[in-house]
Amino acid sequence: MSFDLVIFGGTGDLAWRKLLPALFQAFRHGSLPVGGRIVGVGRDTLTDEEYRANIKARFDAVEPSKRPNSEEFDRFSANLFYLRMDLSKPEYYLSLAEMLNARNADTVVMYVATAPGLFTTVCEQIAAAGLNGPKTRVVLEKPLGHDLASNRAINETVRRVLTENQVFRIDHYLGKPSVQNLFALRFGNSLFEPLWRREHIANIQITIAEDLGVESRGAFYENTGALRDMVQNHALQLLCAIGMEPPINAHADAIRDEKLKVLRALKPWTAETLQNHVVRGQYSAGTINGQAVPGYKQETGVSAESQTETFVALRCEIANWRWAGVPFYIRTGKRLGARDASIVINFRPAPHAIYQSPAGAANRLVINLQPKDGLELHLYSQGANQRAPAGSKSTQSLAPVQLDLDFDKRFGTERVGAYERLLLDVLAGRLNLFVRSDEQECAWRWVEPILDAWKADTQGPRPYAAGSWGPSASSAMIAKDNFCWAEEN
Ligand code: BG6
């Protein structure tokens, strides 16, 4: 299969850090279809050779095992080209069309990795230049909009010029091997399915914690915040993967229909739940891994009066027969105690205690997404404590034990990375791991009341020290249900 992959934003951060290294990995492992051409598009005036040299220099920052040697780089970059374009001017799209039509590849992928403000212009201009034919696929990076209205506006333009099956909306969490394993756990195994419901599950906790701050992205983050950056997309996609019904098959629409039902079933916000079930925070100076780090307001590009949240904790419910009444807690933040993304399923305690302790023993399944990738099943056993003291009438105590499955040990850490997987899926036309417009709109509709409530709230986000697990209000929120976050146990 011959393909042309055009990267709008070909000299941008995403291209350097994620897309080109991922394409190189696919090339190195022989999974990038042969006969492909990659065209980086940018505003600078560069020759192909200069573009390749820039990429080569950037690859030096990639971890050594993923870095090409010079022979590999020469072979990889023989298919790399550069095109200068001013994305606001139609004539440049005509030159692009000329370049693409001359080759007439089987598949043309347009990866729009530009500032979000350019998405609609690029889509409209692609169409105006006649480049939206059936062999074209368009990849749109997040954030797709700033709120429901802007998301709809983008999707409406996209729908005018492309069919839904031509549009690949990226949520890179769906490409992570650990998230693939989550789907496999649920829909490739029958063991947990009978337990995966309100009768057996007390609560579910989804955590995406980062120890990094906003780094060089302060200006972007100021207008985004954790709710838009992480909850509206990554966290809600994880919630869907946990909460959805088994799809009838593995086709894209079967999966996306089920995810959409979860989003539709999320309990709408009320004044009371907005008040009691949402916590926003912002990091202040603190210590991470023994290093003093500045607060968010001191980061480059951030206003000293900033009210942008770098932490969100929420309690939500999926109002359907499977999940009615089960709290789902979502928590994400920057500069937290550790980099840790995990989903904790807390099962209900044993209904009747015949052992002395622990009272109300409850099992727990932990799905580790990163940096560890694996499963932990927390159980209770008699352990070494088998002899009751002489004369004791009491029943014995149990000790916690753990079954631990480490996918990195089992399969190695060299598994296909998220962007590599997603790029290969785009080239193959597989839509399973991409987000449909109705899912995206539904997620925006659900988070919008939170954004509105924050606009009206003069208190602003609660401070938390970098290196902690967020504001204490996050623990207080969950404590109202008599639960606690996994690390507080
Ligand atoms: C991105 C967010 O979508 O995901 C970033 O914009 C965040 O702010 C990143 O750091 C986290 O991704 P990962 O794969 O490192 O967990």
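Taken together, the values in this text are just the output of simple stated rules run on the coordinates, not laboratory data. Every value quoted in this text rests on a predicted model; they were computed, and no experiment measured them. Counting neighbours? That spans all protein chains shown, and the Cβs are built from the backbone with ideal geometry, glycine included.
Numbers for the structure displayed
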read-out	value
Length gained when the stretch N189-A361 is fully extended (0.36 nm per residue, less Cα-Cα span)	59.4 nm
Between 0 and 90°, nearest 10: helix 177-187 axis offset from the chain longest Cα axis	60
When each of K334/K372; K142/K259; K89/K142; K176/K297; K176/K409; K66/K372 is checked by Cα-Cα distance, pairs over 21 Å	K89/K142; K176/K297
Qualifying GluC sites (Glu not before Pro) for the range 288-319 [loop in DSSP, other Cβ within 10 Å: at most 13]	E305
Residues Y380, Y51, sorted so that the one with the fewest Cβ neighbours within 10 Å comes first	Y380, Y51
Cα long-axis angle, helix 252-265 against the chain (0 to 90 degrees, to the nearest 10)	50
Length added when fully stretched, N320-S65, from 0.36 nm per residue minus Cα-Cα	87.1 nm
Inter-site label distance for N79 and R217 at 7 Å from Cα along Cβ, in nm	2.9
Pair S31, R17: separation of 7 Å Cα→Cβ label points (nm)	2.2
Spacing of the two label points (7 Å from each Cα toward its C-beta) at A384 and R159, in nm	6.5
Antiparallel bridges, percent of DSSP beta bridges restricted to the chain (to nearest 5)	55
Cut-off 18 Å, label 7 Å out along Cα→Cβ of R43, residues of the range 87-110 by amide N	87-93
Selection from H200, N320, Q370 lying farthest towards where the dipole of the chain points positive, charges on Cβ	H200
Three-way shape call for the range 385-489 based on the alpha-carbon gyration tensor, with the a/c threshold at 1.5	oblate
Loop-located chymotrypsin sites (Phe, Trp or Tyr not before Pro) in the range 215-323 whose Cβ has at most 13 other Cβ within 10 Å (DSSP)	W321
Dipole magnitude of the range 218-365 about its Cα centre (Cβ charges: Lys, Arg +1; Asp, Glu -1), debye to nearest 20	280
Residue-count net charge about A113 - beta-carbon cut-off 9 Å; Lys, Arg +1, Asp, Glu -1	-1
Net charge of neighbours whose Cβ lies under 12 Å from the Cβ of R436, counting Lys and Arg as +1 and Asp and Glu as -1	-4
A456/A115 FRET efficiency (R0 41 Å; Cβ-Cβ; nearest 0.05)	0.90
Net +/- balance of residues flanking A129 in space, Cβ distance below 13 Å, scoring K and R +1, D and E -1	-2
Order of I354, I154, I38 under a 10 Å beta carbon neighbour criterion, fewest first	I354, I154, I38
On Cα atoms only, tilt of 119-128 relative to the major axis of the chain in degrees	40
Ascending count of other beta-carbon atoms within 10 Å, so fewest first, for K135, K176	K135, K176
